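All remarks here apply to the structure that follows.
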Amino acid sequence: MFGVATSSFQIEGAAEQRLPSIWDTFCDTPGRIEDGSHGATACDHVSRYRQDVALMADLGVDAYRFSISWPRVMHADGKLNTKGCDFYLRLLDGLNENGIRAFATLYHWDLPQYLEDRGGWLNRDTAYRFQEYTDAVSRVLGERVFSWATLNEPLCSAQLAYELGMHAPGFTDRAMAKQAAHHLLLSHGLGMQVLRQNCPNALNGIVLNLSPCHAASESHEDRAAAFRADQDLNGWYAGPVLTGAYPDLIDQLPAHEVPDVQEGDMETICQPLGFLGVNYYSRGVFRAAQGALYEDVAVPGKPLTDMGWEIYPEGLVEVLEMLSDRYDLPPIYITENGAAMTDRIEGGAVEDSSRIRFFEQHLAALERAIAAGADVRGYFAWSLMDNFEWSYGYSKRFGLVYVDYETQERTVKSSYKAFQSMLKTRNDRSAC
Ligand code: FCB
């Protein structure tokens, strides 16, 4: 199954038709977004979704992964906002009419600001509010959705947002990050329980971002640092979800950084999964550092994307191997993979051959992983179109489709055409 992915805050716009989210507040805070921009308009997808669905139909994808904006579909009193839901009903109808399977993610980082005002993910109650939201929205949209994911990349919602200050709400405190992570994981478990009841026939799961963690040198110290990084970045999320336990690193944390885990929480978090979504972008290289669990280092001379992320296709094989070595797994979907490149529109065309190469290399790696036994059922390119890249604003372009943010004009890139012809060849072959 091949698809493309997006997320609500990054493309939707129509901010005036919903409640504010933590990302609106973050964008309003000077210095938080690199290019000083705001996600309020983004790709104006709420008005232009028909055109965007037509682009996907023309591309020939089997599936579309998008996220639902919690502040668009819920009122602050926990009641459903039916007007906000109407947008998703129309979008889902458009997808289903075109035979495109809908992969809906419930939380891709745009927490309603009213919940942040009550403590956000530091407040255990937010996990229960997530369950309430999941219940309400899955009842209304459930029949039209092929697959539900509870969370997108809880690592980012916890670490980037509460420890590194790079994402909303922008705190810099590791103890906070660990507590937020626990409440996020709890919300996943509570959400899965509801999805199993409301949508028993859907493919229900979670999306994690995973990366191989390599040591910067063969020294014992660096290898131990890479091992800690792996536990902190991969195991901290995959472990609880798939086995009901945090990695051993939890015993090495200072007491004030150990999250408050209540009785029964780990059982709640570890629910049977219909699928595991894996987002893969790059590897990490780590060394030991004073006063930190680990420190990441840039390896000179490696090919990089416009994000400065190393292009490392073999990492996809390594991540899938690591998962199958450690866990009993449900079927896997690669729910995001892609690259920001310095795209230029020239004479109405965008020649992004470096992105085509990126996809070719990663799909070849995926083929190797599958040949080695990985049960991967689908692959989603990030992203359908250029969009609001979080703290980088509009300065980074990941799309198969180029977006002119002045005019909202969409222009398909060469990578779109390459993806389209790959899908067409596949369809022609399977017709034989
Ligand atoms: C992932 C996010 C997605 C996008 C890509 C580039 O971590 O899930 O929203 O920003 O990175």
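Listed values, structure above:
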{"quantity": "Counted charge near residue 95, where neighbours are those whose Cβ lies closer than 12 Å (Asp, Glu -1; Lys, Arg +1)", "calculated": "+1"}
{"quantity": "Of all accessible heavy-atom area on the range 376-432, the percent that carbon and sulfur account for (1.4 Å)", "calculated": "49"}
{"quantity": "Volume per residue of the C-alpha convex hull in the chain, rounded to whole Å³", "calculated": "143"}
{"quantity": "Solvent exposure of the chain as accessible area per residue, Å², 1.4 Å probe", "calculated": "40"}
{"quantity": "Centroid-to-centroid separation of the range 1-26 and the range 174-220 [C-alpha atoms, Å]", "calculated": "21"}
{"quantity": "Most mobile of 35, 386, 306 in a GNM of the chain (Cα contacts under 10 Å)", "calculated": "35"}
{"quantity": "Rough spin-label spacing in nm, given labels placed 7 Å along Cα→Cβ, for residue 407 and residue 289", "calculated": "4.5"}
{"quantity": "Ellipticity estimate at 222 nm from DSSP helix runs (n ≥ 4, -39,500 (n - 2.57)) divided over the chain, nearest 500", "calculated": "-12000 deg cm²/dmol"}
{"quantity": "Pair residue 304, residue 329: separation of 7 Å Cα→Cβ label points (nm)", "calculated": "3.0"}
{"quantity": "Debye, to nearest 20: dipole size of the range 12-154, +1 on Lys, Arg Cβ, -1 on Asp, Glu Cβ", "calculated": "360"}
{"quantity": "Förster-model FRET efficiency, 35 Å R0, residue 125 and residue 48, C-beta, rounded to 0.05", "calculated": "0.45"}
{"quantity": "Gaussian network model of the chain, Cα within-10 Å springs - most flexible of 316, 141, 184", "calculated": "141"}
{"quantity": "Backbone N within the range 232-253 under 18 Å of label point (7 Å from residue 267 Cα along the Cβ vector)", "calculated": "240-246"}
{"quantity": "Accessible area of the range 203-337 belonging to carbon and sulfur atoms, whole % at 1.4 Å probe", "calculated": "48"}
{"quantity": "Sulfur and carbon atoms: percent of accessible area, the range 76-115 [1.4 Å]", "calculated": "45"}
{"quantity": "The range 264-361 - convex hull of the alpha-carbon atoms, volume per residue in Å³", "calculated": "182"}
{"quantity": "Cα-based Rg / Dmax (Å) for the range 187-226", "calculated": "18.7, 51"}
{"quantity": "Most mobile of 348, 284, 189 in a GNM of the chain (Cα contacts under 10 Å)", "calculated": "348"}
{"quantity": "Sparsely packed trypsin sites (Lys or Arg not before Pro) within the range 15-86, loop by DSSP, other Cβ within 10 Å at most 13", "calculated": "79"}
{"quantity": "Greater than 31 Å apart at Cα, pairs in 302/424; 178/413; 302/413; 83/413; 178/417; 396/424", "calculated": "302/424; 178/413; 83/413; 178/417"}
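The values are calculated or read from the model by the stated rules, or taken from the named source; none is laboratory data. These figures come from a predicted structure and were not determined experimentally. Quick reminder, even Gly has a Cβ in these numbers, built from the backbone with ideal geometry, and neighbours come from all protein chains shown. Side chains are part of the model used for accessible areas, which takes the heavy atoms of the whole protein and leaves out ligands, DNA and RNA. Shrake-Rupley method; radii C 1.70, N 1.55, O 1.52, S 1.80 Å.
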